[in-house]
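This report refers to the structure that appears directly beneath it.
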Amino acid sequence: MTATLTLPERRIGLFLSVLLALMGLFMAAAARHGVMSLHGFMALGLGLGLVFLIGGSLYDPAPPHRRPDRYYDAPTRFGLTLTLVWAIIGMGVGVWVAALLYWPEATPPWPATSFGRLRPVHTTGIIFGFGGNALIATSFHVLQRTSRARLADSISPWVVVLGYNLFCAWAVTGYLMGSTQSKEYAEAEWYADLWLVVIWVTYFTLYLRTLARRNEPHIYVANWYYLAFILVVAMLHIVNNLALPVRLTTAESFPVWSGVQDAMVQWWYGHNAVAFFLTAGFLGMLYYFLPVRSGRPIWSYRLSIVSFWGITFFYIWVGSHHLHYTALPYWAQTLGMTFSVMLLVPSWASAGNAIATLNGAWHKVRDDATLRFMFVAAVFYGLSTFEGSFLAIRPVNSLSHYTDWTVGHVHSGTLGWVAMIIFGAIYTLVPQLGGKRQMASPRAIEWHFWLAVTGTLIYVIAMWNAGITQGLMWRAYDRNGALSYSFVQSVQAMAPYYLLRTIGGALFLTGAVLCAWNCRATLRGAREGAADRPLVPQPAE
Amino acid sequence: MTAPHHREVDPVTGHDTTGHDWNGIRELNTPFPRLVIWALVLAFLYSVIAWVLLPAWPTGRDYTRGLLGLDQRAEAAEGFRALSGRRQDWLSRFGGADFAALTADKALMATAMPAAARLYADNCAACHGTRGQGGPGFPVLSDGTWLWSGDPDEIATTIRHGINADDPDTRYAEMPAFDWIERPDRIALSRFVADLPGGAADFETPAGGLFTENCATCHGDTGAGGLSVGAPSLTDTATLYGQDPETVMETLRHGRAGLMPAWSGRLSGAEINLLALYVTQLGQGSGGRP
């Protein structure tokens, strides 16, 4: 990390690390005890660690290259490592809580290990830890390559990666201690939310500043998607997390929203987290790594642009489909439903554009597991967006809502689409970062691919069955007007599906562990700096 | 947007590219597919139809009501009314509490008992077990032994008002703590109580004396209970918390006051009577015990 920084940059880094340590100390001292104090100590620890790291190498030799001619890949590499660490934490906890649903007696007698606290560790660990780090790391790579410009400065990317991971660590450790503001996918408390705003604004500015320095006349479509991801997530995060802290020295807060408005804001946030965190950003990833890996041009430029605006425009409306048949007014439900149906068109256009791009490269899809990851990702993207629009139709939702069908739908998106495209990107990127021709073990990629596909299919099919079974059992009345099944019977009926889901998840986790090992083996003894094309020299003003 | 000198035809698709190159990535100038336009038009048509028929667009303080005039509250209320109408045909018979007459009506019981089983599973099974098998602190309902009574009337009272519950007519039962008894005496007493079911307990011992002095008021002179104060029989093998010396020691030290919630706010009178009958049959069904 410090070897890639110049002396003035190291000084700035040192200064920021001291600030972070002081902020941590102040938080810990002001809160005195409880979650916020522990989080203060975590920030203090990170700050002090960085002080020692940077201070210890302050006067080491400066980086050798003429740096503006080189891309800055060290933050990408660090971010990818964290991606894999979070993958194993998030998926590991996921498999564990899936097993707890099948063997509830296995719950250990400590509050920190109860299902309710571990479940958000899984969701945050996967969405923000695994997905977020992958997005940040690949966005730095894609941004530089498609702009032919080095990142605007060398400090901000580290602030973004380290600060973002401090947020994730705060969130996850907070849940274990029972600290949550009880908003799904936005459980972290107010000070962590504020911290994320600072980090996110840094990220957005860095992205814009680098784009402004580009040596290409046009902005490639992947950057549009990444930018939409960064900008809209900022908007969603800020609005949904508006809250008044009980005291400035405790973690607890009250949201400013209440009643059905709160529910609507939460699901406007929740569904657009799916749209802009788990879709837009990953479409950016797809639009870069799929053509790079397949060596094929994007099938239709026009389709990619229209899909972009279609997705950004339609998605913002659809959050209310999470609140069908609730206190939310009927008219808002109708709008959510109809926009969800229209959303299918740009979604399928994107999936179709990706698959049509592979025309002329199908032999590569057959032979190259990395490209196959991306192909499967595009297929699952198409499947889960169809499913999403279908489930948003009100009468369909009356069957599927509150059942495991929703869980199956989410995982067909996250396992089949998001994780697959991440693995495809990782297997393309890691050899390049390590200056190698290919991954250390191509066979392990093949194994990973089949483990991931099998695991996803088992998981998703089990949850479809589980959800439809639950939905049908809950709504069944006998001819005498009495419920045909008790709730307990519907729980008992889930046993085989919950076992299958655990097995599917475990297969997927095994694949991710193989991937982490393979990446480590590839990056070990790697040469510094990627071997791809040098930058076009800066044109004279 | 494509300058003519950039013209570069892709051999696979026959389309030319847009002329840009981003780190090796190019894009084809494929015309916008008609299929997508038609799909957009269709999806939009679907939406317009839905907007015309259903409540859809807000108009300041009001919203467009839709030609179908649907209202989700009215729909939900109508659904509940239809279902409860089907239930009232037979459930209303349970409004009166002539349990003997109800039990005698075989056709009625054939209709009602499956519904009662679901009612039990949804409301009672969490504590008393799916088959009435109970658990530590939660009485077994299937063994034919009762704390208060096995009579459906009495069971209905328990369900309606609960035990130690937040209800003015709740049943009240508390085992006080006997922590003031010296520890050696408590040990002797707990061994004595543990020996009661086997008939090995000797009332002529000091421990037997302690029992007569302190316990017999509620549990009866012989420990057989049955005094309608909710004090369990200590002579049968049924237990609530456990009758081994260690558990009895704990009971003596801290006392016990189990809670059964009152269900009158949640279940109708007819449903409570139905459940009372179901629980009565659950106790008889086990056989084995009188």
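The values are calculated or read from the model by the stated rules, or taken from the named source; none is laboratory data. Note that this is a predicted model, so its numbers are computed, not measured. Cβ sites come from the backbone with ideal geometry, for glycine too, and all protein chains shown count toward neighbours.
Brief remarks follow.
- Screening segment B:66-147 for helices (runs of 4 or more DSSP H) wholly inside it with 2 or more residues that are in contact with an Asp or Glu (Cβ under 8 Å, 6 or more places away or on another chain) returns the ranges B:106-123.
- Verdict on residue B:7 being charged (D, E, K, R) and under 30 Å from residue A:326 (Cβ atoms): no
- Matching residues, segment A:298-334, being more than 14 Å from residue B:40 (Cβ to Cβ), among the β-branched types (Val, Ile, Thr) and at the interface with chain B (Cβ under 10 Å from one of its Cβ atoms): A:298, A:305, A:326, A:334
- Filtered residues of segment A:40-74 (kept if more than 26 Å from residue A:134 (Cα to Cα) and acidic (Asp, Glu)): A:60
Matching residues to (1) outside the structural domain of residue A:418 (by TED's automatic domain parsing); (2) at pLDDT below 95; (3) touching a strand residue (DSSP E or B) at 6+ places or on another chain (Cβ under 9 Å):
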{"site": "A:80", "(1), (2), (3)": "no, no, no"}
{"site": "A:126", "(1), (2), (3)": "no, no, no"}
{"site": "A:145", "(1), (2), (3)": "no, yes, yes"}
{"site": "A:149", "(1), (2), (3)": "no, yes, no"}
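- Screening segment A:1-115 for helices (runs of 4 or more DSSP H) wholly inside it with 2 or more residues that are of a type in the set (A, V, I, L, M, F, W, C) and more than 30 Å from residue A:422 (Cβ to Cβ) returns the ranges A:7-31, A:35-56.
Okay, residues lined up against (1) modelled with pLDDT of 95 or more; (2) not hydrophobic (A, V, I, L, M, F, W, C):
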| residue | (1), (2) |
| --- | --- |
| B:242 | no, yes |
| B:246 | yes, yes |
| B:251 | yes, yes |
| B:258 | no, yes |
| B:282 | no, no |
| B:290 | no, yes |
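- Matching entry among A:55, A:24, A:34 (being touching a residue at least 40 places away in the same chain (Cβ under 8 Å) and touching a helix residue (DSSP H, G or I) at 6+ places or on another chain (Cβ under 7 Å)): A:55
- Only one of B:54, B:42, B:83, B:68 that is modelled with pLDDT of 95 or more, at the interface with chain A (Cβ under 9 Å from one of its Cβ atoms) and within 30 Å of residue A:481 (Cα to Cα): B:54
- Among the residues listed as B:105, B:89, the single one being without any contact (Cβ under 8 Å) to a residue 24 or more places away in the chain, in contact with a helix residue (DSSP H, G or I) (Cβ under 9 Å, 6 or more places away or on another chain), closer than 15 Å to residue A:480 by Cβ and more than 8 Å from chain A (Cβ to nearest Cβ): B:105
- Candidates in segment A:55-82 are the residues that are hydroxyl-bearing (Ser, Thr, Tyr) and within 17 Å of residue A:426 (Cβ to Cβ); of these, the one that is surrounded by the fewest Cβ atoms within 10 Å (Cβ to Cβ) is A:81.
- Any chance residue A:283 is away from chain B (no Cβ under 14 Å), buried (at least 22 other Cβ atoms within 10 Å of the Cβ), within 27 Å of residue A:376 (Cα to Cα) and modelled with pLDDT of 95 or more: yes
- Residue that is farthest from the other protein chains (Cβ to nearest Cβ), among those in segment A:348-361 that are buried (at least 22 other Cβ atoms within 10 Å of the Cβ) and in contact (Cβ under 8 Å) with a residue 60 or more places away in the chain: A:354
- Segment B:113-126 - residue that is touching a residue at least 24 places away in the same chain (Cβ under 8 Å) and closer than 23 Å to residue B:262 by Cβ and, of those, nearest to the other protein chains (Cβ to nearest Cβ): B:115
- Subset of segment A:1-33 (residues that are farther than 25 Å from residue A:154 by Cβ and surrounded by 16 or more Cβ atoms within 10 Å (Cβ to Cβ)): A:25, A:27, A:28, A:31
- Unique match (being exposed (fewer than 11 other Cβ atoms within 10 Å of the Cβ) and closer than 19 Å to residue B:282 by Cα) among B:121, B:104: B:104
- Hits in segment A:372-390 (condition: more than 17 Å from residue A:457 (Cα to Cα) and surrounded by fewer than 21 Cβ atoms within 10 Å (Cβ to Cβ)): A:390
- Here residue A:22 fulfils each of the conditions (1) under 29 Å from the mean Cα position of the chain (by Cα); (2) not assigned by TED's automatic domain parsing to the domain that holds residue A:168 apart from (1).
- Residue A:295 meets all of the listed conditions (1) within 14 Å of chain B (Cβ to nearest Cβ); (2) crowded, with 21+ Cβ neighbours inside 10 Å; (3) closer than 30 Å to residue B:26 by Cα but one, namely (2).
- Members of segment A:310-355 found to be part of a loop (DSSP other than H, G, I, E, B) and in contact with a strand residue (DSSP E or B) (Cβ under 9 Å, 6 or more places away or on another chain), listed by number: A:329
Residue-by-condition table, conditions (1) outside any helix (DSSP H, G or I); (2) farther than 25 Å from residue A:7 by Cα:
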site: A:145; (1), (2): no, yes
site: A:157; (1), (2): no, no
site: A:164; (1), (2): no, no
site: A:180; (1), (2): yes, yes
site: A:200; (1), (2): no, yes
site: A:203; (1), (2): no, no
site: A:209; (1), (2): no, no
site: A:229; (1), (2): no, yes
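- In this structure, residue A:326 does satisfy being surrounded by fewer than 21 Cβ atoms within 10 Å (Cβ to Cβ), more than 21 Å from the chain's Cα centre (by Cα) and within 30 Å of residue B:61 (Cβ to Cβ).
- A residue that is crowded, with 21+ Cβ neighbours inside 10 Å, modelled with pLDDT of 95 or more and either part of a helix (DSSP H, G or I) or among the β-branched types (Val, Ile, Thr) (or both) cannot be found anywhere in segment A:242-263.
- Residue in segment A:472-491 that is more than 14 Å from chain B (Cβ to nearest Cβ), within 29 Å of the chain's Cα centre (by Cα) and either over 18 Å from residue A:405 (Cβ atoms) or not charged (D, E, K, R) (or both) present: no
For every residue, the table says whether it meets (1) in the same structural domain as residue A:396 (by TED's automatic domain parsing); (2) modelled with pLDDT under 95; (3) closer than 23 Å to residue A:90 by Cβ.
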position: A:421; (1), (2), (3): yes, no, yes
position: A:434; (1), (2), (3): yes, yes, no
position: A:469; (1), (2), (3): yes, no, no
position: A:500; (1), (2), (3): yes, no, yes
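- Checked against the criterion of being within 30 Å of residue A:499 (Cβ to Cβ) and either touching a residue at least 12 places away in the same chain (Cβ under 8 Å) or surrounded by fewer than 24 Cβ atoms within 10 Å (Cβ to Cβ) (or both), the candidates A:112, A:152, A:137 yield just one match: A:112.
- Number of positions in segment A:374-419 that are out of contact with any helix residue (DSSP H, G or I) (no Cβ under 9 Å at 6 or more places or on another chain) and among the hydrophobic types (A, V, I, L, M, F, W, C): 0
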